[in-house]
Amino acid sequence: MRGLFITFEGPEGSGKTTQAELVREKLEALGLRILRTREPGGTPTGELIRKILQHDAGGDELVPECELLLFEASRAQLVRNVIIPALQSGTSVLCDRFADSTTVYQGIARGFGIKLVQSINNFAIGEAVPDLTIMMDVAAGRGLERVSERSPHGKQSYDRIEREALSFHEQVRQGYLELAAAEPQRCVVVNTDRDRDVVAKDVWNVIESRLGEQIRKLAAALREQN
Ligand code: TMP
């Protein structure tokens, strides 16, 4: 039986990584095999691309077209070498950011347009369409504050994209809300400007209500295999 594919999306500092880890613990406790990964990155090639994207590691400033295609290149590698093989073997995948990030950051905030970006997304992801996407929602300014609070050098630790103007990050946040409204069967918005455990409860309720039955079937199939 194919594994489940859940993606966590949201603006900077929206708590994706923390919540994905808590979901991993819960799903493993129910008997699922879980692989957690992230974008950009998740493969040796993808992690190299991540360094270029986050810190202009090539040495010259990235043009927006190159930025867009590097995110997609990292994704194509991750999907084919990691995500699809995992799903086919019955392992469920939790991914910190995926194609919606490109739709929102490059399609909306950078201005390439949703249509163009979604068509490149489709080429990169092939059959790896998420079963569920949790859109972690926080006001852009609040999320950025959280990022600087957790970094040793505050705002000076911001990477290339975090350093964009607040208006860029506000477009990102708004873009996610619009995407979620356009695809309610796949996307659910969770307000993450609350206590970590309260957010975790909401995230789990979403997963249970959307995928509870599939989780139980998958756990039973994995028990039979062992
Ligand atoms: P993060 O993994 O720490 O959130 O950093 C990834 C950064 O890259 C974040 O600023 C969002 C940005 N990003 C895009 O602009 N487009 C994309 O397609 C992805 C996956 C990330």
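Mind checking which residues of the stretch 119-142 are touching a residue at least 60 places away in the same chain (Cβ under 8 Å) and open to solvent by 40 Å² or more (accessible area, probe 1.4 Å)? Step through it out loud before you land on a result.
Looking only at the stretch 119-142, we keep the residues that are touching a residue at least 60 places away in the same chain (Cβ under 8 Å), and these are 128-138, 140, 142.
Correct list: VAL129, ASP131, ARG142.
Within the stretch 46-59, which residues are within 21 Å of SER157 (Cβ to Cβ), assigned to a helix (DSSP H, G or I) and not basic (Lys, Arg)? Give the derivation first.
At the first step, the residues of the stretch 46-59 found to be within 21 Å of SER157 (Cβ to Cβ) are 47-59.
Narrowing further to those that are assigned to a helix (DSSP H, G or I): 47-55.
Scanning the stretch 46-59 gives GLU47, LEU48, ILE49, ILE52, LEU53, GLN54, HIS55.
Restricting to the stretch 35-45, and then to whatever is closer than 30 Å to GLN225 by Cα and not in a loop (DSSP other than H, G, I, E, B), can you tell me which residue is most open to solvent (accessible area, probe 1.4 Å)? I'd like the intermediate steps shown before the answer.
Initially, the stretch 35-45 is screened for residues closer than 30 Å to GLN225 by Cα, giving 35-38, 42-43.
Now narrow it down to the ones that are not in a loop (DSSP other than H, G, I, E, B): 35-38.
Working: LEU35: 54, ARG36: 72, THR37: 15, ARG38: 94 Å².
Out of the qualifying residues, it is ARG38.
Tell me, yes or no, whether the stretch 85-106 has at least one residue that is hydrophobic (A, V, I, L, M, F, W, C) and out of contact with any strand residue (DSSP E or B) (no Cβ under 9 Å at 6 or more places or on another chain). If you could, list the steps in order and put the result at the bottom.
The first filter runs over the stretch 85-106 and keeps only residues hydrophobic (A, V, I, L, M, F, W, C), leaving 86-87, 93-95, 98-99, 104.
Among the residues that remain, those that are also out of contact with any strand residue (DSSP E or B) (no Cβ under 9 Å at 6 or more places or on another chain) are: none.
The answer is no, given that none of the residues of the stretch 85-106 is hydrophobic (A, V, I, L, M, F, W, C) and out of contact with any strand residue (DSSP E or B) (no Cβ under 9 Å at 6 or more places or on another chain).
Which condition breaks for GLY111 when tested against (1) open to solvent by 10 Å² or more (accessible area, probe 1.4 Å); (2) of a type outside the set (Ser, Thr, Tyr); (3) closer than 19 Å to THR133 by Cα; (4) more than 8 Å from the ligand (Cβ to nearest atom)?
So the condition that GLY111 fails would be (3).
Does the stretch 133-143 include one or more residues that are small (Gly, Ala, Ser), over 30 Å from LEU32 (Cα atoms) and within 13 Å of the ligand (Cβ to nearest atom)?
So the first thing to find is which residues in the stretch 133-143 are small (Gly, Ala, Ser), and the list is 139-141, 143.
Checking which are over 30 Å from LEU32 (Cα atoms) leaves us with 139-141, 143.
Narrowing the set further to residues that are within 13 Å of the ligand (Cβ to nearest atom) leaves 140, 143.
Checked the stretch 133-143: at least one residue is small (Gly, Ala, Ser), over 30 Å from LEU32 (Cα atoms) and within 13 Å of the ligand (Cβ to nearest atom).
Quick test for you: out of GLU178, GLU145, pick the one residue that is open to solvent by 80 Å² or more (accessible area, probe 1.4 Å) and closer than 26 Å to VAL93 by Cβ.
On the way: GLU145 fails: closer than 26 Å to VAL93 by Cβ.
Only one candidate passes the filter, namely GLU178.
Take VAL23 and decide whether it is of a type in the set (Val, Ile, Thr) and loosely packed, with under 15 Cβ neighbours inside 10 Å. Walk me through how you get there before you give the answer.
Numbers: of a type in the set (Val, Ile, Thr): yes; loosely packed, with under 15 Cβ neighbours inside 10 Å: no.
Criteria not met by VAL23.
What single numbered condition from (1) closer than 19 Å to ARG75 by Cβ; (2) open to solvent by less than 30 Å² (accessible area, probe 1.4 Å); (3) in a loop (DSSP other than H, G, I, E, B) fails to hold for GLU162?
(1)
What residue, of LEU32, LEU62, LEU70, LEU48, is open to solvent by 40 Å² or more (accessible area, probe 1.4 Å), over 14 Å from the mean Cα position of the chain (by Cα) and farther than 17 Å from ASP96 by Cβ? Please lay out each step first, then the result.
Numbers: LEU32 fails: open to solvent by 40 Å² or more (accessible area, probe 1.4 Å); LEU62 fails: open to solvent by 40 Å² or more (accessible area, probe 1.4 Å); LEU70 fails: open to solvent by 40 Å² or more (accessible area, probe 1.4 Å).
Result: LEU48 is the single residue among LEU32, LEU62, LEU70, LEU48 that is open to solvent by 40 Å² or more (accessible area, probe 1.4 Å), over 14 Å from the mean Cα position of the chain (by Cα) and farther than 17 Å from ASP96 by Cβ.
With without any contact (Cβ under 8 Å) to a residue 60 or more places away in the chain, within 13 Å of the ligand (Cβ to nearest atom) and either in contact with a helix residue (DSSP H, G or I) (Cβ under 9 Å, 6 or more places away or on another chain) or not in a helix (DSSP H, G or I) (or both) as the only criterion, which of LEU70, LEU116, LEU62 stands out?
Working: LEU116 fails: within 13 Å of the ligand (Cβ to nearest atom); LEU62 fails: without any contact (Cβ under 8 Å) to a residue 60 or more places away in the chain.
The conditions single out LEU70.
The values are calculated or read from the model by the stated rules, or taken from the named source; none is laboratory data. The structure displayed is predicted, hence computed values, not measured ones. Note that each Cβ is placed from the backbone with ideal geometry, even for glycine, and that neighbours are counted across all protein chains shown. When the accessible area is computed, the model is the full protein with side chains, heavy atoms only, and any ligands, DNA or RNA have been set aside. Shrake-Rupley method; radii C 1.70, N 1.55, O 1.52, S 1.80 Å.
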